[in-house]
Amino acid sequence: MVRPCTNDYFKLKTHTVVEYLRQKLSGNSEVNVNDCLSNNYFLARSKVTVDLFNDEVIELQHSLTLIKGMAANNVDRYWRSVQEVAQQAPFRKMQTPGGQMMSAEITNCGQVGWYSDRQGYRYTHLDPLTGQTWPTMPTCLKALAVDAATKAGYPKFVPDVCLINRYSTDSKMGLHQDRDERDFTQPIVSVSLGLSANFVFAGSQRNSPRQNILLEHGDVLVWGGQLRKHFHGISKVLPGDDPLTGPYRINLTFRQAL
Ligand code: SIN
Ligand code: FE2
């Protein structure tokens, strides 16, 4: 599959960061350019290395690593696997414990699946929609998550769940913590496919200072350590028609839950 620009980050090398951001956000009035300027100042100062596999590993801050475009390479396999999972465990909207409908559609694969309804947030062994176990985590997806965690400094990460979120351009994900897992020494590995989004990374409190991170097709973000329970969310999915996912952004969140 050919994309006009598979890795926008490379543009940073030829444009100034500010110019890059202005272009990216033009027409997107909900994103505050000033917020993003400070964020990208931050991005410009982060440590970038290119590893043996030619992946750009960007340490945005200690324990927050962006591996730019890493999943774009074998993306057809990953995408096929996501579709197979969704055939067995369809995407569906879930309710928060407070009774609100989440705007992204959700499914899972792995030993357990993350679930939310009026009874609370939890991991379940069975998919409440089908009554069946959640689909097995496809080997290629698990390998991607393990590779990414290793690059980010977590070589012992063995994910047992992959939460899959499907966003349309009017979906968001409010600021939240991932804290339903047992072992917080294990990181979160988050893979983005399709449409780009503005990912908000805050601190240990909901009202801590926020950092905006533009996540594009193929990007893998890993966070752990002191940041493991930091608040994060999706404030905006940028409109577009993606060659792979059409009108959607797909996010795969790998965790070690049990
Ligand atoms: C999540 O935190 O559950 C999803 C984040 C994302 O979609 O990038
Ligand atoms: Fe999360």
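For segment 153-165, the Karplus equation 6.51 cos²θ - 1.76 cosθ + 1.60, evaluated at θ = phi - 60°, returns couplings of x, 10, x, 9, 5, 10, x, 10, 8, 10, 8, 10, 9 Hz by residue, with Gly and Pro reported as x. Sequence-ordered 3J(HN,Hα) estimates for segment 198-203 from the Karplus curve with 6.51, -1.76 and 1.60 and θ = phi - 60° stand at 9, 9, 9, 10, 9, x Hz, glycine and proline given as x. Database remark: amide H of residue 108 closer than 5 angstrom to the amide H of 164 (H placed geometrically; neighbours at sequence offset of 5 or more, or on other chains; Pro and chain starts carry no H).
Backbone amide hydrogens, once placed in the peptide plane, bring residue 117 within less than 5 Å of nothing, excluding anything fewer than 5 places away on its chain.
Computed about the Cα centre, the dipole magnitude for segment 117-176 is approximately 140 debye when only Lys and Arg (+1) and Asp and Glu (-1) carry charge, each at its Cβ.
The string of couplings for segment 124-136 from the Karplus curve (6.51, -1.76, 1.60, θ = phi - 60°) is 10, 7, 10, 7, x, 6, 9, x, 9, 5, 5, x, 4 Hz, one whole number per residue in order, with x for Gly and Pro. Pairs over the 18 Å Cα-Cα cut-off, from the set 142/236; 47/151; 47/142; 93/172; 47/68: 142/236; 47/142. Taking other residues whose beta carbon is less than 11 angstrom from the beta carbon of residue 167, and scoring Lys, Arg as +1 and Asp, Glu as -1, yields +2.
Positive-end ranking of 96, 143, 113 along the dipole of segment 91-171, with charges on Cβ about the Cα centre, is headed by 143.
Arrange the following residues from fewest to most other Cβ atoms within 10 Å of their Cβ: 192, 46, 81.
Least to most surrounded, the residues fall as 46, 81, 192.
The residues neighbouring residue 107, those whose beta-carbon lies less than 9 Å from its own, together hold a net charge of 0 under the Lys/Arg +1, Asp/Glu -1 convention.
Laboratory data are not the source of any read-out in this text; all were calculated from the coordinates shown. In this text, all values refer to a predicted model and were calculated from it rather than measured experimentally. Methodologically, a virtual Cβ is constructed for each residue, glycine included, from the backbone with ideal geometry; neighbour enumeration extends over all protein chains shown.
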